[in-house]
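The next block holds one structure in the form of structure tokens; read it before the comments.
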């Protein structure tokens with residue numbers, strides 16, 4: 001599962017650490033401090049910018065992808081390109097909308113679903129209509145493509161957790177809802193920078209692990225209910241769970257057993273699971289409007305320069 | 001590999017363009033050399049796409065070539081030495097090899113020993129195995145795209161059609177890939193989802209061509225291609241290829257299966273067994289690169305000729321580089 005990944009450009013050159021990411025945001029942070037926008041969250045300014053802005057831009061790219069009718073994998077590739085690009089550039093100095101559109105344009109080609117440059121531009125105009133708009137033409141996007149390629153160091157193939165999920169699905173059986181739920185979690189994780197930090201197969205495994213944890217928590221909860229009502233039930237929730245869900249591995253016990261048998265660095269997987277928990281705890285807190293505000297300020301700065 | 005953003009003059013300082021050797025719709029190819037070492041290189045300069053609709057982005061085939069070669073480093077795959085990007089063009093610096101398997105096959109002054117064929121097959125399969133291990137389909141395997149260096153090493157080239165095959169959701173893959181003569185039956189029937197097996201079919205055709213010294217199934221049209229295929233290998237039945245009857249409404253003449261031995265009279269049993277398994281109609285039963293490399297053919301005698309001792313074209317080059325005797329870098333798996 002992992003062997004080819006580590007030989008790929010993704011595995012060799014694009015596994016970054018938190019410190020590098022933090023550093024890559026310095027220019028933007030400095031500027032936000034200057035205009036005092038960062039003070040809203042004080043010390044936590046790094047998280048503030050990183051979460052809000054990249055979360056918001058995820059939404060822009062995903063919306064563009066949906067308008068172009070592309071598969072989730074293409075959206076994931078475009079977002080990864082986008083994030084890689086901004087490990088070397090600042091939002092302040094390079095317009096994220098132009099980069100977002102170019103990333104989508106390139107990702108479509110890369111994933112063999114080429115779109116005309118004009119359709120990408122047209123849909124980007126629609127997506128950003130009430131958020132400052134998109135004023136670039138073919139020429140600008142085409143030129144940005146060259147620059148993007150260069151900043152990506154011409155490393156275009158991106159591995160995604162989806163492939164691993166497909167492999168795990170073989171184990172778990174077609175009826176299993178675990179994979180489907182994990183799939184959605186993986187989609188959500190592209191709002192964060194996790195894809196820059198952890199190998200995709202680990203992200204997939206962590207998403208599956210998270211689903212199993214939730215299932216277990218629910219089963220235990222139900223188990224307690226059963227016990228109090230029926231007065232017995234040492235097997236309660238667990239047993240009934242496996243009966244309800246049909247073929248494949250589905251009982252909590254079996255799932256946990258299967259999961260712990262996966263050959264993977266569990267320490268790292270747990271780290272990712274913590275990230276998943278963070279993501280969902282921030283969900284409500286993250287306010288798109290604020291993100292737009294930050295982004296607007298950064299884009300304004302760039303129009304000035 | 002260094003990725004520099006420099007202007008053309010820097011490229012010219014590091015690499016000397018010597019002559020234009022080709023021009024396509026999206027690229028101009030130059031022969032040149034690396035200034036510091038004198039190593040021969042091919043420089044592919046990719047232009048910004050232009051159409052009636054105005055400026056376009058970079059051509060899809062250029063993107064494919066870059067994305068594949070960036071992932072693949074192997075003695076039997078052409079090396080992408082360098083990439084330079086300038087505002088509106090992209091320069092790929094590739095290893096330059098002056099011969100290819102098609103030229104060698106066509107050169108009737110060269111006599112092939114079966115050990116030579118085995119050596120070319122081995123190198124082809126090793127290169128292809130490396131592509132497949134990295135989830136990349138070549139999709140245009142043919143003798144013309146198998147370059148041969150002076151040291152005899154064979155290298156897969158031209159990844160302009162290559163795509164990566166990792167995306168499990170990919171649908172509607174184009175069937176207009178692979179030069180017709182080397183095109184797998186499932187492609188000829190317009191299969192929208194296909195896999196590594198299409199490359200293996202092409203390798204089977206190349207194997208046959210190495211023995212016959214002429215293309216094995218040279219169809220002029222897709223229909224004729226199928227007809228030639230069925231004449232040569234028998235019209236497939238539902239048993240040979242489960243699902244075959246549902247692939248097409250067309251009715252084909254029922255040709256009987258003739259043993260390969262009838263055409264490949266000089267070939268040994270292991271050779272024919274390998275060939276037959278590469279040309280299995282059912283893509284699911286066709287050999288994988290790994291299975292092919294493990295086939296007894298490669299273990300049995302004669303041993304494959306070391307690359308440095310392979311026959312090459314006489315009309316050797318004007319350049320005064322010594323022909324390096326290649327230590328058989330062909331380490332067995």
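The values are calculated or read from the model by the stated rules, or taken from the named source; none is laboratory data. Keep in mind that this is a model prediction, so the values were computed, not measured. Cβ: placed from backbone, ideal geometry, glycine included. Neighbour counts: every protein chain shown.
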- prompt: Which of the helices (runs of 4 or more DSSP H) contained wholly in the range A:103-175 include at least 2 residues that are more than 7 Å from every other protein chain (Cβ to nearest Cβ) and under 27 Å from residue B:56 (Cβ atoms)?
  reply: A:117-127, A:138-151
- prompt: Could you count how many residues in the range A:112-169 are in the same structural domain as residue A:203 (by TED's automatic domain parsing), without any contact (Cβ under 8 Å) to a residue 40 or more places away in the chain and surrounded by fewer than 18 Cβ atoms within 10 Å (Cβ to Cβ)?
  reply: 1
message: Within the range B:80-94, does at least one residue satisfy the condition of being more than 14 Å from chain A (Cβ to nearest Cβ) and either outside any loop (DSSP other than H, G, I, E, B) or in contact (Cβ under 8 Å) with a residue 24 or more places away in the chain (or both)?
response: no
task: Kindly check whether there is at least one residue in the range B:245-260 that is surrounded by 14 or more Cβ atoms within 10 Å (Cβ to Cβ), modelled with pLDDT of 90 or more and under 29 Å from residue B:123 (Cα atoms).
output: yes
Hits in the range B:22-49 (condition: at pLDDT 85 or above and surrounded by fewer than 14 Cβ atoms within 10 Å (Cβ to Cβ)): B:35, B:36, B:37, B:38
message: Residues that are more than 30 Å from residue B:69 (Cβ to Cβ) and at pLDDT below 75: list the helices (runs of 4 or more DSSP H) wholly contained in the range A:1-62 that include at least 1 such residues.
response: A:26-34
query: Taking the stated definitions as given, is residue B:326 closer than 30 Å to residue B:133 by Cβ, within 26 Å of the chain's Cα centre (by Cα) and modelled with pLDDT under 90?
result: yes
field: Selection from the range A:66-83 of residues that are within 14 Å of chain B (Cβ to nearest Cβ) and either crowded, with 24+ Cβ neighbours inside 10 Å or under 13 Å from the mean Cα position of the chain (by Cα) (or both)
entry: A:72, A:73, A:74, A:75, A:76, A:77, A:78, A:80, A:81
- prompt: Being at pLDDT below 95, surrounded by fewer than 22 Cβ atoms within 10 Å (Cβ to Cβ) and either over 27 Å from residue A:109 (Cβ atoms) or within 14 Å of chain A (Cβ to nearest Cβ) (or both), is that true of even one residue in the range B:153-163?
  reply: yes
